[in-house]
Number of protein chains: 2
Amino acid sequence: MKYPSALLENAVNELASLPGIGRKTALRLALYMLRRNPDYTESFSKALVDLRLHVKYCKLCHNICDDDLCSICANPERDHSLVCVVENIKEVMAIENTGQFKGVYHVLGGIISPMDGIGPGDLQINSLEERVAAGEVKEVILALSTTMEGDTTNFFIYRKLSPYNIKVSVIARGVSIGDEIEYADEVTLGRSILNRTSFNDSIKL
Amino acid sequence: MKYPSALLENAVNELASLPGIGRKTALRLALYMLRRNPDYTESFSKALVDLRLHVKYCKLCHNICDDDLCSICANPERDHSLVCVVENIKEVMAIENTGQFKGVYHVLGGIISPMDGIGPGDLQINSLEERVAAGEVKEVILALSTTMEGDTTNFFIYRKLSPYNIKVSVIARGVSIGDEIEYADEVTLGRSILNRTSFNDSIKL
């Protein structure tokens, strides 16, 4: 594709470098910006640069935040003895949206994936061990994806934390609420039968 | 959705203001930028601001360019007596990619669309008339979409140019090359029969 202007080509190249955005979409976005007021593009760019340059990570849980501690770790009403381990801040936001969790988080920043060159040293696993060693934590909930990499990471953390006298749990796996049993995949359905809960417990939720 | 950081929320809001990008995609893009080097975000933002602030439009055809005249209008080897009228620069790029057109363009910047509040005065129709009045143009090819708005604009331009002694043509409509006749829509198929070309002419292409 030949572009009539080097400025346009440059902008399209940058937009198309984003994941999931191809060159046709990038051109559409660049032309959209040209139709809008110049202030729009400036505030757009400023927001991205500000985020990248001034972002902070919580010293305790490594969640994105604006201060030294994120609002969850700084909140005295949260249960600091209950730590939920997640891969990324997207999971923190998803769990927070449920309104069901009153503990705190620990963001690993990824999962162990030898294929992508990510080992335990690249993740916030040592700082998790330090938090546990400090003594306040009573239970660690592992909330990673059920992939090969997620299971590997779960097992690595479980081994790492085994010297400490704490409970390590994983989130429940089972048939999604609203799903029809007949369409559930067999691994999930099998797991949901093995890990069945007492009916009395389930109606209390 | 609650965001852990105001900077992140701001960046997500800006990204989600782009057409076709929702809040989930915007969050994914913002987190992608956080994983990359800060230089990446800075050059990304700079490319967009540079485009918006320093973009120029060709004085003749209103195509995007880096100088006063676009490379097509400035090229003495193009046929300046043949002007192809298009809606936007995307169509210029598409036609240039075919390599079949040796004339020059005229970019309207939109089409007449009363529903969107776009009238003839918002488009580069007067400057097209000026180009024609200047005398060099012998033929104007209308290459707008076959929508109600495109047909209205075609007719408006045709009326506007009728006092001048030039040829006004529209691009051929017919069954796409590679398409099966049985699946062509009836309007297109009907038009392609009415506007049939001599077999001798068609094998020369």
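For the range B:144-161, a tally of residues being under 19 Å from B:SER127 (Cα atoms) and either surrounded by fewer than 16 Cβ atoms within 10 Å (Cβ to Cβ) or of a type in the set (Asp, Glu) (or both) returns 3. The test for being touching a Ser or Thr at 6+ places or on another chain (Cβ under 8 Å), open to solvent by 10 Å² or more (accessible area, probe 1.4 Å), part of a strand (DSSP E or B) and not aromatic (Phe, Trp, Tyr) holds for A:ILE141.
Note on the range B:47-81: among residues that are of a type in the set (A, V, I, L, M) and assigned to a helix (DSSP H, G or I), the one that is surrounded by the most Cβ atoms within 10 Å (Cβ to Cβ) is B:LEU51.
As a summary of the residue check, B:LEU31 satisfies the conditions (1) part of a helix (DSSP H, G or I); (2) touching a strand residue (DSSP E or B) at 6+ places or on another chain (Cβ under 9 Å); (3) under 24 Å from A:LEU7 (Cβ atoms) except for the one numbered (3). Scanning the range A:162-205 for residues that are within 30 Å of A:ALA133 (Cβ to Cβ), open to solvent by 70 Å² or more (accessible area, probe 1.4 Å) and not in a loop (DSSP other than H, G, I, E, B) turns up A:LYS167, A:VAL170. Filter the range A:111-138 for residues that are within 16 Å of the chain's Cα centre (by Cα), open to solvent by 60 Å² or more (accessible area, probe 1.4 Å) and among the polar types (S, T, N, Q) and give the result. Passing the criteria: only A:GLN124.
Within the range B:59-91, the set of residues being touching a residue at least 60 places away in the same chain (Cβ under 8 Å) and either small (Gly, Ala, Ser) or at negative phi (or both) comprises B:LEU60, B:VAL85, B:GLU87. Just so you know, in the range A:118-133 the residues that are away from every other protein chain (no Cβ under 14 Å) and without any contact (Cβ under 8 Å) to a residue 12 or more places away in the chain include one that is farthest from A:PRO163 (Cα to Cα), and it is A:GLY119. Any residue in the range A:3-19 that is more than 14 Å from B:ASN63 (Cβ to Cβ) and more than 7 Å from every other protein chain (Cβ to nearest Cβ) sitting within a Cβ distance under 7 Å of a residue that is modelled with pLDDT of 90 or more and surrounded by fewer than 18 Cβ atoms within 10 Å (Cβ to Cβ)? List the pairs, counting only those 6 or more apart or interchain. That search, which allows pairs on different chains as well, returns A:VAL12/A:ARG23; A:ALA16/A:GLY22; A:ALA16/A:ARG23. Selection over the range B:109-125 of residues that are out of contact with any helix residue (DSSP H, G or I) (no Cβ under 7 Å at 6 or more places or on another chain) and either among the basic types (Lys, Arg) or in a loop (DSSP other than H, G, I, E, B) (or both) gives a count of 5. A Cβ distance below 7 Å, combined with a sequence gap of six or more or placement on separate chains, defines the contacts here; from the range A:34-45, residues that are free of Cβ contacts under 8 Å to residues at least 12 places away in the same chain reach residues that are open to solvent by 50 Å² or more (accessible area, probe 1.4 Å) and part of a helix (DSSP H, G or I) in the pairs A:PRO38/B:LEU53. Of all residues in the range B:41-72, those being aromatic (Phe, Trp, Tyr) and more than 8 Å from chain A (Cβ to nearest Cβ) number 1.
The values are calculated or read from the model by the stated rules, or taken from the named source; none is laboratory data. The model shown is predicted, which means the values in this text are computed figures rather than measured ones. With ideal geometry, Cβ positions are generated from the backbone for all residues, glycine too; neighbour counts draw on all protein chains shown. Each accessible area value is taken on the protein alone, full model and side chains, heavy atoms only, with ligands, DNA and RNA left out. Shrake-Rupley method; radii C 1.70, N 1.55, O 1.52, S 1.80 Å.
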